[in-house]
1. What whole-number value in Å² describes the accessible area per residue of the chain for a 1.4 Å probe?
2. Considering only protein heavy atoms and a 1.4 Å probe, what is the carbon-and-sulfur percentage of the accessible area of the stretch 292-420?
3. Which lysines, if any, have their Cα less than 18 Å from the Cα of Lys287, not counting same-chain residues under 8 positions apart?
4. Short version: ³J(HN,Hα) in whole Hz for each residue of the stretch 77-90, in order, from phi by Karplus 6.51 cos²θ - 1.76 cosθ + 1.60 (θ = phi - 60°), x for Gly and Pro, what are they?
5. Please list 3J(HN,Hα) in residue order for the stretch 540-552, calculated via the Karplus relation 6.51 cos²θ - 1.76 cosθ + 1.60 where θ = phi - 60°; whole Hz, with x for glycine and proline.
6. List the relative contact order of the stretch 436-481 as a percent without decimals, with contacts defined as Cα pairs under 8 Å and 6+ residues apart.
7. Can you give me the convex hull volume of the Cα atoms of the stretch 434-534, divided per residue and expressed in Å³?
8. What are the equivalent ellipsoid semi-axes of the chain, built from the alpha-carbon gyration tensor (square roots of five times its eigenvalues), in whole angstrom, biggest first?
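The values are calculated or read from the model by the stated rules, or taken from the named source; none is laboratory data. Predicted model, so just to flag it, every value in this text is computed and none were measured. Positions of Cβ are backbone-derived with ideal geometry, glycine not excepted, and every protein chain shown enters the neighbour counts. Quick note on the areas: whole protein, heavy atoms, side chains included, nothing else; ligands and nucleic acids left out. Shrake-Rupley method; radii C 1.70, N 1.55, O 1.52, S 1.80 Å.
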Amino acid sequence: MFASPLSRRAVLAGAAAVAAVAGVPVLAGQAKAAGSSSYRWRNVVIGGTGFITGVLFHPSVRGLAYARTDIGGAYRWDDRRDRWIPLLDHIGWDDWNLLGVEAMAVDPAHPDRLYLACGTYAQSWGSNGAVLRSDDRGATWRRTDLTVKLGANEDGRGAGERLLVDPRDSDTLWLGTRHDGLLRSTDRGATWAPVTGFPVTPSATGQGVTLLAAAGRTVYAGWGDGGDANLFRTADGTTWEAVPGQPSGAAARVPIRAAYDRHTRELYLTYADAPGPNGQSDGSVHKLRTGGDEWTEVTPVKPGGTTDEGSADTFGYGGVAIDARRPGTVVVSTNNRWAAVDTLYRSTDGGRSWRSLKDTAVLDVSETPYLKWGEDKPKFGWWIQALALDPYDSRHLVYGTGATLYGTRDLRHWAPQIRGLEEASVTQLVSPPVGRAHLISGSRDIGVMYHERLTSSPAHGMATNPVSGSATGLAQAARRPAYVVRAGWGDHGNGAYSHDGGRTWAPFAAQPSIAKDAPGPIAVNADGSVLLWSFVHWDGTRYPAHRSADDGTTWSEIPSFPKGATPVADPADPTLFYAYDTDTGTLLASTDSGRSFTARATGLPAGDSQFKLVAAPGRTGDLWLSTKGNGLYRSIDGGVTFTKVESCWASYTLGFGKAADGAGYPAIYQVGSTGTSTAVHRSDDEAKTWVRINDDAHQWGWTGETITGDPRVYGRVYLATNGRGIQYGEPV
């Protein structure tokens with residue numbers, strides 16, 4: 001993603017987690033999950049919103065292509081419908097780490113075969129990676145768990161591909177890892193073993209193998225950890241050697257990507273002084289005539305000049321693609337070129353001369369207006385490392401950015417080629433009870449969106465005035481729904497309010513000084529007269545909350561509010577606010593419109609790494625507390641006492657929607673565990689029983705951030721995912 005989302009760890013919970021907390025009563029009876037209900041699930045359309053790290057056209061089948069993302073799975077291109085089909089939505093809660101796709105490979109001789117190397121984080125807390133293999137273009141999968149970790153959302157994620165079908169034997173696959181060298185499988189990915197004789201030693205912190213490429217019958221491997229050589233090859237699958245004469249110098253230390261021109265028998269490679277996508281300031285492009293080991297530098301523009309505005313023009317090189325129909329035609333991308341903006345260079349004479357495609361580009365982002373980022377026109381791109389040319393159409397070129405995938409059919413007119421691909425990491429959801437929009441959402445990287453239609457990208461793009469990056473807070477006044485407030489990261493201010501239900505915004509006239517570095521959750525009381533803003537730095541440091549009673553013109557510190565806690569407004573009484581102190585397991589309340597807080601219930605789960613306190617709509621003092629390891633609790637007296645709900649043993653997030661016909665209480669939606677697995681549930685009887693409303697084909701990895709029902713449409717639910725955007729479900 002444009003700014004890497006927070007890592008999400010698999011949840012470990014056991015039978016002990018369902019035990020009652022001392023001093024907290026347990027509801028009588030043995031409430032159980034009550035089966036399942038059929039739902040249709042679709043994405044709320046935004047369009048892209050994440051880092052496309054790789055695109056691969058199949059060399060033998062017209063119209064067949066695949067894309068990989070850093071946290072949102074892989075996709076297959078449906079050429080007939082002009083859209084992407086998600087392939088990994090079946091990945092469940094415990095396997096969330098596999099939604100990051102490190103590399104992919106196809107078999108030129110067997111078009112239905114697809115291989116994915118999955119694993120989002122290579123850190124000590126991340127689970128090991130896995131290789132998924134399919135014989136039907138990703139419709140079904142077989143899985144082999146690896147003994148090593150992969151890093152699809154770490155530095156170097158735009159390099160590669162690190163997975164390759166051997167050009168001499170379709171049963172043999174190669175996999176380059178970051179910290180464990182080169183692996184090989186001789187049974188089509190079912191089993192893997194380290195390659196002996198690979199001439200470099202991996203480190204625990206480096207990049208390792210950055211790319212694998214076939215040139216004829218020879219396999220080449222790029223190496224990203226320095227040394228005397230960074231490109232190796234094997235002609236027999238057994239003996240590896242450093243390629244003679246390879247380029248030296250700082251700009252050639254990390255091979256990023258490679259592409260082979262079979263007509264001229266030349267291998268093109270892009271290099272940078274860092275793996276990217278951030279941190280690159282130098283780079284180059286070289287080609288190798290494989291028959292005689294003859295190297296030629298063909299760098300279009302050397303980094304290090306000065307822009308017209310006087311800024312340093314530093315960047316690396318990223319993607320490279322070969323025209324399969326026209327010998328000597330190659331396209332490369334710059335990367336991390338913030339001053340002059342990244343571009344694509346195209347050559348038709350083997351790199352002797354180049355033309356910048358950005359200079360003549362006409363960008364049409366009407367389908368995804370947020371790509372203007374509050375300006376009058378969009379950027380050509382940034383973080384361009386994924387680049388691919390259609391082998392059946394020399395003018396069909398696509399490239400990925402930190403937020404979308406642009407495509408052209410004439411090398412001049414460009415538009416997002418992104419339908420069906422949704423990668424937002426969503427943090428906030430509000431479904432208004434009235435108004436033009438059924439949903440307002442907040443995500444990492446792209447801020448807040450106002451959805452008048454769920455089936456198209458918001459017509460006005462992301463919320464502006466100010467433009468913000470990752471959303472940290474979003475709240476609506478329960479008795480005055482036209483009033484909405486938001487908070488998030490931004491260069492021009494972090495908070496804003498709306499008087500028209502989130503359609504247009506105005507920045508707070510002032511903000512606490514800590515808001516710039518540690519914006520956190522925000523709340524507004526029932527009548528919209530008081531704001532409470534909590535502050536949490538991305539590193540976890542917590543700061544005192546602040547209060548405003550004049551639309552953010554002035555702010556005062558709240559000493560009695562627990563630092564970093566999430567403020568929750570009572571939906572009926574504007575004088576009431578609540579907060580849960582997870583350090584002490586204490587529910588605090590304010591009866592003076594947020595000026596001061598005092599403790600009420602104690603003995604609640606303490607130290608839980610994930611919790612969510614929500615207030616039932618239209619009721620005073622009706623609070624629900626979700627906790628990861630200790631289940632669900634309810635208070636009907638404003639947090640004076642809580643009762644443990646026995647119907648689930650783990651609750652990660654919870655929200656409300658329109659009540660079922662004849663029911664006197666809103667429908668409750670929950671991501672939690674009522675049985676042996678974590679799933680999405682609905683209850684129409686105040687959590688006495690639950691029905692599962694997702695299925696094994698629709699799980700989307702980690703979904704514990706937020707969930708809400710629609711207050712106007714019974715059964716409709718909106719679910720935040722960490723990499724698959726906003727999912728919404730409706731009964732069928």
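1. Heavy-atom SASA per residue in the chain reads 36 Å².
2. 44
3. Partners found: Lys302.
4. Here the 3J(HN,Hα) series is 7, 9, 5, 5, 9, 6, 7, 8, 10, x, 10, 10, 5, 6 Hz.
5. Calculated HN-Hα couplings, in order: x, 5, 10, 10, x, 6, 10, 10, 9, 10, 9, 6, x Hz.
6. Dividing the mean separation by the residue count of the stretch 436-481 yields 37 percent.
7. Normalising the Cα hull of the stretch 434-534 by residue number yields 84 Å³.
8. Whole-Å semi-axes of the equivalent ellipsoid: 47, 28, 22.
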